[in-house]
1. Looking at region 26-70, which of its residues are crowded, with 18+ Cβ neighbours inside 10 Å, touching a residue at least 60 places away in the same chain (Cβ under 8 Å) and within 27 Å of the chain's Cα centre (by Cα)?
2. Tell me the helices (runs of 4 or more DSSP H) entirely within region 88-206 that contain at least 1 residues that are at pLDDT 90 or above and touching a strand residue (DSSP E or B) at 6+ places or on another chain (Cβ under 8 Å).
3. For region 56-75: of the residues being touching a helix residue (DSSP H, G or I) at 6+ places or on another chain (Cβ under 9 Å) and not in a helix (DSSP H, G or I), which is nearest to residue 151 (Cα to Cα)?
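The values are calculated or read from the model by the stated rules, or taken from the named source; none is laboratory data. From a predicted model like this one, the values you see are computed outputs, not experimental measurements. Here the Cβ positions follow ideal geometry from the backbone for every residue, glycine too, while neighbour counts run over all protein chains shown.
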């Protein structure tokens with residue numbers, strides 16, 4: 001359900017931005033007739049899109065482990081809350097500067113949502129600066145536990161039982177260690193891939209720890 005609603009939210013957000021961009025083109029080009037025609041013709045579809053975007057966004061906010069992982073969500077929310085009434089006023093009163101500002105704020109909010117970072121630094125959002133390196137001879141399960149609790153527990157829970165962002169109960173997982181490793185590298189559904197952000201030793205240690213949870 002979480003994955004399906006995530007896809008719905010992304011689609012509604014894209015349609016919302018597309019409509020805003022199109023209206024901005026009409027406004028900036030001085031084509032008031034097309035702007036008014038668009039607003040009349042697509043009034044109901046816009047209400048549907050806006051409502052679905054809002055409802056799915058509320059659900060995802062309450063069921064995502066990412067919203068408590070850093071300050072990005074609240075910055076995104078503030079940008080969105082500021083932009084929406086701003087855009088309504090801009091198109092009602094045909095104020096180009098205000099319309100441009102609202103569009104930039106919404107694009108900024110979208111970028112934050114995609115990277116989970118207010119400065120679009122996805123690596124910093126996914127991997128803590130305290131994430132330890134793993135050396136030859138280290139206990140892989142112990143090293144993996146340290147990485148897990150820093151970078152994975154916000155969704156998977158400290159005990160691996162999941163519940164946030166659609167994450168599964170890792171203690172009930174039937175994946176082999178090789179499949180766990182592949183999942184960490186490439187990601188799936190709401191889980192991002194970590195192959196660009198963790199080195200092979202860190203991924204191996206993380207897979208060893210997650211696999212060890214199945215036996216507990």
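1. Those that are crowded, with 18+ Cβ neighbours inside 10 Å, touching a residue at least 60 places away in the same chain (Cβ under 8 Å) and within 27 Å of the chain's Cα centre (by Cα): 64, 65, 66, 69.
2. By residue number, 153-156, 177-186.
3. 69
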